[in-house]
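Student: Starting off with a structure, shown below.
The values are calculated or read from the model by the stated rules, or taken from the named source; none is laboratory data. Small disclaimer: the values here were computed from a predicted structure and weren't measured. Positions of Cβ are generated from backbone atoms using ideal geometry, with glycine treated the same way; all protein chains shown enter the neighbour counts.
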Amino acid sequence: MRKTEFMNFEIDDSQIIHNETRSRFEISLDGSLAVLDYSIDGDSILMLHVGVPHEFRGRGVAALITKAALEYAKSKSLNVVPICSYVQAYLRRHPE
């Protein structure tokens, strides 16, 4: 489990919620919401957008959400289609 410290609180990957109804992974950050939006198309998951509130950028939140989405894709044997430029960059940095 990866923990990231923010100002006066910590988050970890166990706090990421898979909101299947809204087709996104999300995490609440001190009243704000960071998300990774996706769409399922057959045996593929299209990772459309990662959004992190400005005040929480650069602290690993996007990486936590992206990792959770990729683990979900792997568990469901889905092909990943990285539409979002952040997800594309993440995959280049983490080819495993």
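Student: With respect to Glu96, is the statement that it is modelled with pLDDT under 95 and surrounded by fewer than 15 Cβ atoms within 10 Å (Cβ to Cβ) true? Break it down stepwise before answering.
Tutor: Numbers: modelled with pLDDT under 95: yes; surrounded by fewer than 15 Cβ atoms within 10 Å (Cβ to Cβ): yes.
It is true that Glu96 is modelled with pLDDT under 95 and surrounded by fewer than 15 Cβ atoms within 10 Å (Cβ to Cβ).
Student: Within the stretch 76-85, is there a residue that is hydrophobic (A, V, I, L, M, F, W, C), part of a strand (DSSP E or B) and at pLDDT below 95? Before the answer, list the steps.
Tutor: First, pick out the residues of the stretch 76-85 that are hydrophobic (A, V, I, L, M, F, W, C): 78, 80-81, 83-84.
Among the residues that remain, those that are also part of a strand (DSSP E or B) are: 80-81.
From what's left, at pLDDT below 95: none.
No, that holds for no residue.
Student: Taking Ala63 and the conditions (1) more than 16 Å from His18 (Cα to Cα); (2) in contact with a helix residue (DSSP H, G or I) (Cβ under 7 Å, 6 or more places away or on another chain); (3) of a type outside the set (Lys, Arg), which numbered condition does it fall short on, given that it satisfies the others?
Tutor: In the conditions (1) more than 16 Å from His18 (Cα to Cα); (2) in contact with a helix residue (DSSP H, G or I) (Cβ under 7 Å, 6 or more places away or on another chain); (3) of a type outside the set (Lys, Arg), Ala63 misses (1) alone.
Student: Can you tell me which residue among Leu36, Leu70, Leu64, Leu48 is touching a residue at least 60 places away in the same chain (Cβ under 8 Å) and within 15 Å of Leu91 (Cα to Cα)?
Tutor: Values: Leu36 fails: touching a residue at least 60 places away in the same chain (Cβ under 8 Å); Leu70 fails: touching a residue at least 60 places away in the same chain (Cβ under 8 Å); Leu48 fails: touching a residue at least 60 places away in the same chain (Cβ under 8 Å).
The match here is Leu64.
Student: Continuing with this model, one more query. Residues of the stretch 77-91 being surrounded by fewer than 17 Cβ atoms within 10 Å (Cβ to Cβ) and either polar (S, T, N, Q) or touching an Asp or Glu at 6+ places or on another chain (Cβ under 9 Å) (or both), which ones?
Tutor: Ser77, Asn79, Val81, Ser85, Gln88, listed by residue number.
Student: Continuing with the same structure: What are the residues in the stretch 48-71 that are assigned to a helix (DSSP H, G or I) and either of a type in the set (A, V, I, L, M) or surrounded by 17 or more Cβ atoms within 10 Å (Cβ to Cβ) (or both), if any? If you could, list the steps in order and put the result at the bottom.
Tutor: Taking the stretch 48-71 and keeping what is assigned to a helix (DSSP H, G or I), we get 54-56, 61-71.
Listed by number, the residues that qualify are Phe56, Val61, Ala62, Ala63, Leu64, Ile65, Thr66, Lys67, Ala68, Ala69, Leu70.
Student: Just to be sure, is Arg24 charged (D, E, K, R) and surrounded by 12 or more Cβ atoms within 10 Å (Cβ to Cβ)?
Tutor: Numbers: charged (D, E, K, R): yes; surrounded by 12 or more Cβ atoms within 10 Å (Cβ to Cβ): yes.
Judged against the criteria, Arg24 is a match.
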